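Below: the structure, in structure tokens.
The values are calculated or read from the model by the stated rules, or taken from the named source; none is laboratory data. Computed from a predicted model, the values in this text were never measured in an experiment. Here Cβ is always computed from backbone atoms with ideal geometry, including for glycine, and neighbour counts include all displayed protein chains.
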């Protein structure tokens, strides 16, 4: 995993009520295109890990360079961040006067996030324990591998920067889940207690100051390289962009303006894509000041605009792509896919080929495809028999009444 790379903890938000048209309502939770955007986000991350980061140097130079460029799929994490800011921010904005505001929000998050995540930690603990006490010396694990468990239980893994090989395989992608959980702790009180104007000022300042914070951390802190990439304050601009979009979307004048001027939005999107292309060299290479000061925020703007285009132009080509059944299905199971896909690929390559992931020969490609298929199968089973029932249980908690009332 590169220093850019991340998850997107992008848990699917359970639908709260129907919306027939995104242009007629502020409630976006029933818009199918949003599942498509989640599907795009996790697909970008998978391409980054399964192709961009895999060994392909033996291939011809042009093909090798092309595959290397796919490492910018790490930006799918920022798409997850924008979506989380938009959806979570929207839910909290709509419920900010609820007497059960905090209880309902956090209990729903508990049912959505913790069961599958803690199950993943439990499997890790069982494997490490078996390696240490049942099969000593057979696997490259040590008691130090168990020390990561408390950090992950409390979503503090993005604050430590030393991982053993097995910890890295199992947990490295979860730094972004920690970022999102830390966002879930801060967003509810801010949205509850700040006026809308003060909230907008705060979010705007966050977007403006976060690149400066990243650059400062990178340049002057002893662990600045990791702090600038993996900590929540240094990735807050994408989350803030999402919440700002949620605030704007709840203003009828904004929705009407965007729906009446689709060409303006498309021009902005093209400018952002062009800028992304100009930044591609830095985005596809190890983290630099250019990436930290310009790249991350530019990517956040790009995906924010993509979200707006998708919402305001439901008959456009982008929205049609986001409604593809396969993409929406991938978005629905994206949380589990994100958690397990990285470990599945690495462990299968090590077990079957005794090598790190590779895509330069038929055997490597076959194992990579097998890892992808097994990941999708496991995530589908998890969604239908584990996650979905738990989400329904979590939605017994209502913003209009407490559970059981």
Checklist entry - Taking residue 198, is it under 14 Å from residue 243 (Cβ atoms), surrounded by fewer than 20 Cβ atoms within 10 Å (Cβ to Cβ) and more than 19 Å from the chain's Cα centre (by Cα)? => result yes
Counting only residues in the stretch 313-322 that are assigned to a helix (DSSP H, G or I) and surrounded by fewer than 23 Cβ atoms within 10 Å (Cβ to Cβ), the one farthest from the chain's Cα centre (by Cα) is identified as 317
Over the stretch 47-83, the set of residues within 17 Å of residue 346 (Cα to Cα) and not in a helix (DSSP H, G or I) is 53, 54, 55, 56
*Residue in the stretch 377-395 that is under 30 Å from residue 203 (Cβ atoms), at pLDDT below 95 and surrounded by fewer than 20 Cβ atoms within 10 Å (Cβ to Cβ) present*: yes
Taking the stretch 97-148 and keeping only residues that are more than 25 Å from the chain's Cα centre (by Cα) and within 30 Å of residue 248 (Cβ to Cβ), one is left with 97, 98, 99, 100
The one condition residue 385 fails out of (1) free of Cβ contacts under 8 Å to residues at least 60 places away in the same chain; (2) under 21 Å from the mean Cα position of the chain (by Cα); (3) under 23 Å from residue 109 (Cβ atoms) is (2)
Taking first residues from the stretch 115-139 that are on the phi < 0 side of the Ramachandran plot and surrounded by 11 or more Cβ atoms within 10 Å (Cβ to Cβ) and second residues anywhere that are modelled with pLDDT under 90 and not in a helix (DSSP H, G or I), the pairs with Cβ under 7 Å that are 6 or more apart or on different chains are 128/141; 131/138; 131/139; 131/141; 132/141
The correct count of residues that are under 20 Å from residue 298 (Cβ atoms) and either assigned to a helix (DSSP H, G or I) or at pLDDT below 95 (or both) in the stretch 231-269 is 20
Selection from the stretch 92-107 of residues outside any loop (DSSP other than H, G, I, E, B) and in contact with a helix residue (DSSP H, G or I) (Cβ under 7 Å, 6 or more places away or on another chain) yields 92, 93, 101, 102, 105, 107
In the stretch 330-364, anything surrounded by fewer than 16 Cβ atoms within 10 Å (Cβ to Cβ) and touching a strand residue (DSSP E or B) at 6+ places or on another chain (Cβ under 9 Å) is listed as 355, 356
How many residues of the stretch 207-224 are in contact (Cβ under 8 Å) with a residue 40 or more places away in the chain and in contact with a helix residue (DSSP H, G or I) (Cβ under 7 Å, 6 or more places away or on another chain)? The answer is 6
